[in-house]
Structures are given as C-alpha cells and as structure tokens.
Amino acid sequence: LVLRALLNLGYAQGDAEVMTKCMMHAEIHGNNQGISKMYRPQDMGFNPNAGPLLYENETANGVVVNGNRRSGMVALDMAVQKAITKAAKSGVAVCGTYNTCTSTGMLAYYANRIAEEGFVAFVMAGSPEMVTPVGGKNAIFGTNPLCIAIPGPADGPVVLDMATAATTLFGTISTKAAGKQLPPGVAVDSAGRPTTDPDAALKGAFLAFGSYKGAGLSLMIELLTQALSHGAIAAAGEAHVGTGRKWREKNWANTIIAFNPKLLWADVEQYKARVAEICLHVRNSGPGVMLPGDIEKKNRDANLKKGSLEISTGLYENIAKLASGPASRL
C-alpha cells in the first residue's frame with residue numbers, strides 16, 4: 001500500500017522501493033520515523049525536477065553522494081552501499097550525502113545494515129535550523145541525530161540511535177495542536193528565555209538534551225555533516241525554528257563512517273565475543289537493564305509474530321486514498 005502510494009505520488013519504482021523499506025523498517029520497530037510521514041503525503045517532498053544521484057570526490061575510501069534533490073532516504077541508501085563496498089576492500093570508508101531536503105528516516109536502518117556486514121558504523125544526519133546552543137536564542141543546529149552500530153551479540157548488532165535535541169518539530173506542533181504545554185527545559189522563546197509554550201518555542205528554538213553536553217555533541221554532528229559533507233550551514237543571527245539558510249537552500253547533509261574491526265584485531269571473532277560478553281554483563285547488572293535497541297527489537301519481534309501493524313484510521317485512509325487514486329504530484 002505504501003509503495004503504491006509513493007508511486008502515485010510520482011516517485012520512480014526504485015526510489016519508492018527504497019523509501020518503503022526504510023519507513024516500514026521503522027514502523028515494524030516501533031520508531032516514529034515510519035509511515036506516519038505519509039499522513040500528509042505532500043510533506044514527503046517529491047520533486048519532479050530531481051536528477052540522478054551524482055558521485056563526487058570518489059576515492060578508495062570515500063565518496064560524496066550529491067542527492068540532486070532526490071529523496072534523502074534514496075541518497076543515504078546509496079551512501080550505505082558505497083560505504084559497505086569500500087570498507088570491505090580497504091578496511092575503512094567515509095561517505096557523505098548532500099543536496100537533499102527530505103527526511104532520511106530511522107538512522108538505525110542504515111547503521112544496522114553496515115554492522116550486519118561485520119563493520120562498525122557511525123551514521124550522522126544534519127538537518128535545518130531548530131536547536132540553539134546553551135545560552136543562545138537563534139536556531140543554528142538541526143535535531144542532529146547520531147546512530148552507532150556495533151556487531152557482536154548473537155541477537156544482532158548493538159544499535160544506539162538518538163537525536164541530540166530535547167524535543168522535535170513534530171512533537172512540538174502536536175503539543176500546540178492539543179492545547180498542551182511542553183515540558184520545562186526543552187525550548188526557548190525568540191528572546192532566549194525558557195518557555196513551555198509550544199507557540200513561543202516555534203518562534204524561538206529548541207534546546208539540546210543534557211545542556212552543555214548535548215549541545216556540544218550537536219555541534220560536532222553539525223561539523224561532521226553540514227560542514228564536512230557539503231550541506232548548507234546556518235547564517236549568523238537570523239533563524240528560529242523553520243527559518244534560516246539551511247531551510248532556504250534545502251541542502252541537508254549526512255555522513256557515514258564505517259570500519260572493519262580487522263584493523264585492530266587479527267581474529268575479528270574475538271572482538272565480537274568481547275562485545276557480546278560486555279553486553280551480557282550489562283543486561284545481567286539489574287532486573288530492568290536493557291541495551292540500546294532492545295525495545296525496538298522487542299517491538300519488531302512482537303509485530304512480526306502478530307503479522308500486522310496497528311496504525312491510526314486517519315493515516316490508513318490517507319495512504320489508501322493515494323494508493324488507489326491516479327498518479328499525483330501533491
């Protein structure tokens with residue numbers, strides 16, 4: 001159904017298949033980067049003038065994928081394929097994407113694929129102005145998520161997938177629509193004053209999680225995505241949520257770092273066994289202890305066993321309407 005909807009929206013078969021796999025992976029794992037993106041299909045950002053992916057500055061260890069206004073998921077999917085191929089040949093790969101302005105979806109989808117091939121993966125996503133540094137009032141950073149995936153445990157790689165922002169754009173808009181307040185400590189108004197008013201937050205900026213530590217991490221991801229992989233960068237003193245140079249230029253960047261543990265271990269299986277042992281100790285350290293990604297794995301297993309997914313009636317009706325209708329450029 002999702003695939004047919006994307007085809008009717010105007011996407012080519014190959015692009016629609018990549019996007020469907022990415023969103024369904026998130027949905028099955030209970031992640032909010034799933035098919036909820038299809039609630040308003042026009043927000044998927046289909047561009048009838050998008051061109052083919054271009055490969056720039058390519059070497060044995062790296063490449064920059066110019067998304068050429070295609071889907072962010074499609075560009076990052078190709079960068080993953082390039083990273084796996086290059087890491088397999090040379091031991092390490094650094095690949096980036098830019099010139100896209102749509103969501104890349106759940107980063108764990110990409111990082112897990114790299115780790116399943118036996119490599120350690122770092123996947124970082126830049127995004128437009130939404131987050132201000134501690135003490136600031138202007139939005140500079142995106143929500144700037146980071147995902148790290150490490151092979152080893154028998155039940156699959158250990159995967160940490162997290163945003164560096166204390167709240168999200170969708171969550172803030174939903175809070176405003178519900179007439180509710182934001183929790184303290186997640187946003188500031190246009191004057192840089194702490195606020196729980198979602199409307200004031202949307203006219204101001206969000207904060208990073210964990211105060212200075214989260215803001216510092218968000219900065220590093222900004223430098224490793226928007227700066228390193230040729231994305232647009234924020235201009236001085238002009239932006240609040242939804243405005244700024246990155247929004248105008250519609251050029252968001254992502255970066256992948258993948259390396260083979262063989263660079264440090266003659267016998268990689270020994271390394272994987274050590275990872276598994278540490279993870280076992282963590283799980284056994286208390287009755288309620290979980291590893292990063294455990295909740296998502298439980299959601300996946302439960303959904304696969306059930307053989308179905310529960311989504312809202314409104315979301316289903318919107319997707320079904322687009323899937324059954326004539327080709328559209330909404």
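Throughout, read-outs are computed from the coordinates displayed, never taken from laboratory work. The model shown is predicted, which means the values in this text are computed figures rather than measured ones. For neighbour counting, all protein chains shown are included, and Cβ atoms are generated from backbone atoms with ideal geometry for every residue, glycine included.
Computed over every Cα-Cα pair of segment 113-222 and binned at 5 Å starting from 0, the pair-distance distribution P(r) comes out as 2, 14, 21, 19, 14, 11, 8, 6, 4, 1, 0 percent. Model label sites at Y55 and D43, defined 7 Å from Cα along the beta-carbon direction, differ in position by 3.5 nm.
Fully extending the segment from E277 to K321 would add 10.9 nm, taking 0.36 nm per residue of separation and subtracting the current Cα-Cα distance.
Please work out how much length the chain gains when fully extended from A227 to R193, using 0.36 nm per residue of separation minus the C-alpha to C-alpha distance, in nm with one decimal.
The A227-R193 span can extend by a further 9.4 nm.
Placing +1 on each Lys and Arg Cβ and -1 on each Asp and Glu Cβ, with no other charges, gives the chain a dipole about its Cα centre of roughly 360 debye.
With a ≥ b ≥ c the root eigenvalues of the C-alpha gyration tensor of segment 197-330, is it rounded (a/c under 1.5), prolate (a/b larger than b/c) or oblate?
Here segment 197-330 falls in the oblate category.
If you take the Cα centroid of segment 273-330 and the Cα centroid of segment 165-219, the two points sit 26 Å apart.
Peptides 113-122, 140-149, 46-55 ranked from most to least packed, by the mean per-residue count of other Cβ atoms within 10 Å: 140-149, 113-122, 46-55. Equivalent ellipsoid of segment 150-207: semi-axes from √(5λ) of the C-alpha gyration tensor, largest first, are 33, 13, 8 Å. Taking the inverse of the mean reciprocal distance over all distinct Cα pairs, the Kirkwood hydrodynamic radius of the chain comes to 20.7 Å. For the pair S90 and K21, the difference between a 0.36 nm per residue extended length and the Cα-Cα distance amounts to 22.0 nm. Annotation: lysines with alpha-carbon distance below 18 angstrom to K298 (same-chain offsets under eight excluded): K306.
Once both labels are positioned 7 Å from their Cα atoms along Cα-to-Cβ, the gap between L160 and K250 label points is 3.5 nm. Taking a ≥ b ≥ c as the square roots of the Cα gyration tensor eigenvalues, with a/c under 1.5 meaning rounded and otherwise prolate when a/b beats b/c, else oblate, which class fits segment 1-88? Note, shape of segment 1-88 comes out oblate. When a/c reaches 1.5 or more, the comparison of a/b and b/c decides; with that in mind, is segment 181-268 rounded, prolate or oblate per its Cα gyration tensor? It comes out oblate by the Cα gyration axes.
Of all lysines in the structure, the ones whose alpha carbon falls short of 19 Å from that of K137, not counting any fewer than 8 places away in one chain, are K203, K213, K246. Which lysines, on any chain, are close to K82 with Cα under 20 Å apart, when same-chain ones fewer than 8 places away are left out? Filter leaves K21, K262. In the chain, the calculated helix contribution to ellipticity at 222 nm averages -11500 deg cm²/dmol per residue, counting -39,500 (n - 2.57) for every DSSP H run with n ≥ 4. Every pair of different Cα atoms in segment 263-314 enters the Kirkwood calculation, which places the hydrodynamic radius at 14.0 Å.
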